[in-house]
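Quick notes on the structure that follows.
The values are calculated or read from the model by the stated rules, or taken from the named source; none is laboratory data. Remember, predicted model here, so these are calculated numbers, not experimental data. Counting neighbours? That spans all protein chains shown, and the Cβs are built from the backbone with ideal geometry, glycine included.
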Ligand SMILES: [Mg+2]
């Protein structure tokens, strides 16, 4: 059964988008436009375009994972502004030969994301097209003193990162290497790539408390994303290699495969962790807020005068590519 067989209205009926309940004052899918009461705080808006062959391949990405991840990476951007996601719109183009089952799975993944992230699908559009293209727009609010941008950092600020780094990049490598993900650590790493967990509670708590001066989510890799924060804040940054948070799963698999874990943590990308800068006098408050949000954070460096990001290993500047073989855990033994 393909899209050609059911048509646009048949597809919308099958997806059940018109039969859903919404909070009072909201208008969901099926009318000319979606509506919701105006928020009392700053609106946060973000959108993302995913093109088959450019951002995903339907041969290697399941429609369900794609739908869930598309929402996850967008709500992660809302969290990175210190905001909380409320609703999203979905626009989908697909060739007429596309199996209806693929579209149902895609929306099934987005329905999982709605539950997981507390963000409701309120509308969108579908169309025929030469290739599969998915566009998401997420709307949220930043209920704090104001949105947390990339540009508010100052030299001397502490730099923190949530969770662990490099898992997603290693998970992707395992999936691409043949796809057989067998052991528990391998499954963990693959799921960190396929099903990222955006740090929504932490982002909203940091925003509400006005704890951080600058924030970004780690999508391009720690080095690049810290570079974005430093540049926007008009300063430089240093990162401490021995402080990078690595999962035990990443440590085990990189050791077994002879892969450099520090390189993955610095450059891997698609971690969807939060990276933020805060004044040193807020250190206790940072850890208290993180604990309240149920998310681990670690201080991994600081903002400094100058430009660019310098990696230090035990206090000494290094070209991080020379860190291959650097024993990340030497300090703890
Ligand atoms: Mg981002």
Out of curiosity, is residue 13 part of a helix (DSSP H, G or I), modelled with pLDDT under 95 and within 18 Å of residue 125 (Cβ to Cβ)? yes
Filter result (surrounded by fewer than 24 Cβ atoms within 10 Å (Cβ to Cβ) and closer than 18 Å to residue 69 by Cα) within the stretch 175-192: 175, 176, 187, 188, 190, 191
Considering only residues that are crowded, with 24+ Cβ neighbours inside 10 Å and over 11 Å from the mean Cα position of the chain (by Cα), look in the stretch 69-86 and name the one that is farthest from the ligand (Cβ to nearest atom). 84
Just checking, how many residues over the stretch 25-54 are more than 28 Å from residue 276 (Cβ to Cβ) and either assigned to a strand (DSSP E or B) or within 24 Å of the chain's Cα centre (by Cα) (or both)? 6
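Just checking: which of the strands (runs of 3 or more DSSP E) contained wholly in the stretch 55-172 hold 3 or more residues that are closer than 30 Å to residue 298 by Cβ and touching a residue at least 60 places away in the same chain (Cβ under 8 Å)? Don't jump to the end; show me each part of the working.
On the way: elements: 84-94, 120-128, 133-142, 158-162.
Qualifying strands (runs of 3 or more DSSP E): 133-142, 158-162.
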